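Report on the following structure.
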Amino acid sequence: MRLTLLAIPLLCATAAAQEPQAPRMPPEDSETGINAMILIGEPKGTPLEGAELDRVAHEVAAVVRCPVCQGLSIADSPVDQAAAMRTEVRELLAAGFTPDQILDYFEPSYGEFIRLEPKPEGFNLLV
Amino acid sequence: MKRLVILSVGAVVTVPLLVFLAIGLQHDPRSIESPLIGKPAPPFALRDLDGNRVRLEDFRGRPVLVNFWATWCQPCMAEHGSFQEASRTLGDRVELLGVIYQDQPSMIRRFLAQRGEWGTTLIDPESKVAIAYGVYGVPESYLIDGDGVIVDKLTSPLVTANHVYGWLDQQHGLLR
């Protein structure tokens with residue numbers, strides 16, 4: 001009896017170790033088929049929620065240039081495209097992607113131009 | 001001597017700035033080349049107006065023209081007729097995909113019922129595909145070859161069917 005009682009937690013621990021880890025984000029967006037992981041790999045951070053998500057989402061949006069009104073960040077721009085990008089930023093943060101990964105997500109599509117603050121390297125550093 | 005040093009320092013600062021400005025002024029400040037050209041097209045799976053799922057990879061092996069458009073976009077209206085004519089002429093030699101950009105499916109249905117359709121019309125919820133393709137506004141067209149690589153992007157409207165053929169064939173040889 002005592003042996004059985006000892007074996008139960010052991011079996012549970014083994015089963016938990018063998019159970020495949022559920023992905024924190026579906027492999028692709030169910031409505032569009034867009035897959036962030038193709039571009040930026042697995043999330044490297046902790047999924048955010050609540051006030052922390054609001055705060056970090058605003059910080060990230062403040063350094064992403066709005067492609068439509070190019071002098072403004074997506075945090076400040078009133079256009080629909082900026083709103084869509086803010087939604088994307090929130091979704092990625094909630095899925096555990098880091099702010100740097102999110103900038104790396106937008107950059108292949110728009111180029112370094114999408115960063116309001118260019119990376120401090122190479123020619124940028126010289127300028 | 002002191003004057004020579006001041007002039008030399010001035011030249012070292014001024015000449016590179018002038019060269020930098022001269023190069024910069026030759027470019028259209030609104031025209032930013034897409035970093036996606038020469039890269040694999042971001043895969044997507046969008047729904048058409050009937051709710052069917054359409055995957056970009058379904059068209060591998062033949063060229064695909066992806067046009068982002070909306071009913072509120074005046075230049076897009078100018079393109080509509082050219083894509084209709086190109087669609088009739090080219091048949092299945094090229095796949096024409098119209099991705100709706102920030103517009104209501106009801107508006108699109110009404111517009112297409114009045115003006116006629118071309119290619120496959122796809123709904124892009126939350127503009128996720130537009131963002132993945134680096135869209136700045138509409139109309140924008142992307143040309144994808146049979147291997148799934150983006151070969152060009154246009155931010156100006158293709159106002160006649162000849163512009164469509166020219167872009168596909170003369171510029172990129174995709175109709176041979």
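The values are calculated or read from the model by the stated rules, or taken from the named source; none is laboratory data. Only a predicted model underlies this, so the values are computations on that prediction, with no experimental measurement involved. A quick note on method: Cβ atoms are made from the backbone with ideal geometry, for glycine too, and the neighbour counts reach across all protein chains shown. We work out accessible area using only protein heavy atoms, side chains counted, and drop any ligands, DNA or RNA first. Shrake-Rupley method; radii C 1.70, N 1.55, O 1.52, S 1.80 Å.
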inquiry  = Taking the conditions exactly as written (away from chain B (no Cβ under 14 Å), open to solvent by 40 Å² or more (accessible area, probe 1.4 Å) and either among the aromatic types (F, W, Y) or in contact with a helix residue (DSSP H, G or I) (Cβ under 9 Å, 6 or more places away or on another chain) (or both)), does A:D104 satisfy them or not?
reply    = no
task = Could you list all residues from the range B:20-53 that are farther than 23 Å from B:G137 by Cα and at pLDDT 95 or above?
result = B:D50, B:G51, B:N52, B:R53
Selection from the range B:156-172 of residues that are surrounded by fewer than 17 Cβ atoms within 10 Å (Cβ to Cβ) and in a loop (DSSP other than H, G, I, E, B) = B:S156, B:V159, B:T160, B:Q171, B:H172
ask   = Would you pick out the residues in the range B:91-106 that are farther than 25 Å from A:P78 by Cβ and either within 18 Å of the chain's Cα centre (by Cα) or open to solvent by less than 10 Å² (accessible area, probe 1.4 Å) (or both)?
value = B:V94, B:E95, B:L96, B:L97, B:G98
inquiry  = Taking the criterion of being free of Cβ contacts under 8 Å to residues at least 24 places away in the same chain, part of a loop (DSSP other than H, G, I, E, B) and touching a strand residue (DSSP E or B) at 6+ places or on another chain (Cβ under 7 Å), would at least one residue in the range A:44-66 satisfy it?
reply    = yes
ask   = Could you list, in sequence order, the residues of the range B:43-56 that are open to solvent by less than 30 Å² (accessible area, probe 1.4 Å), facing chain A (nearest Cβ under 7 Å) and either within 15 Å of the chain's Cα centre (by Cα) or in contact (Cβ under 8 Å) with a residue 12 or more places away in the chain (or both)?
value = B:F44, B:L46
ask   = Among the residues of the range B:129-147, which ones are more than 7 Å from chain A (Cβ to nearest Cβ) and either within 15 Å of the chain's Cα centre (by Cα) or closer than 12 Å to B:F68 by Cβ (or both)?
value = B:A130, B:V135, B:V138, B:P139, B:E140, B:S141, B:Y142, B:L143, B:I144, B:D145
note = Among residues of the range B:111-128 being open to solvent by 80 Å² or more (accessible area, probe 1.4 Å) and touching a residue at least 12 places away in the same chain (Cβ under 8 Å), the residue farthest from the other protein chains (Cβ to nearest Cβ) is B:R115
ask   = Of the residues A:G71, A:G111, which single one is out of contact with any Cys (no Cβ under 9 Å at 6 or more places or on another chain), surrounded by fewer than 16 Cβ atoms within 10 Å (Cβ to Cβ) and under 27 Å from B:K39 (Cα atoms)?
value = A:G111
Cβ pairs under 9 Å, 6+ apart, first in the range B:157-176 and over 15 Å from B:M77 (Cα atoms), second basic (K, R) = B:L168/B:R93; B:D169/B:R176; B:L174/B:R62; B:L174/B:R93; B:L175/B:R93
query = Which strands (runs of 3 or more DSSP E) does the range B:49-152 wholly contain that include 1 or more residues that are small (G, A, S) and under 22 Å from B:D169 (Cβ atoms)?
reply = B:95-100, B:140-144
remark   = Reported set for the range A:45-68 where residues are open to solvent by less than 20 Å² (accessible area, probe 1.4 Å) and either out of contact with any helix residue (DSSP H, G or I) (no Cβ under 8 Å at 6 or more places or on another chain) or under 26 Å from B:V138 (Cβ atoms) (or both) is A:V60, A:A61, A:V64, A:C66, A:P67
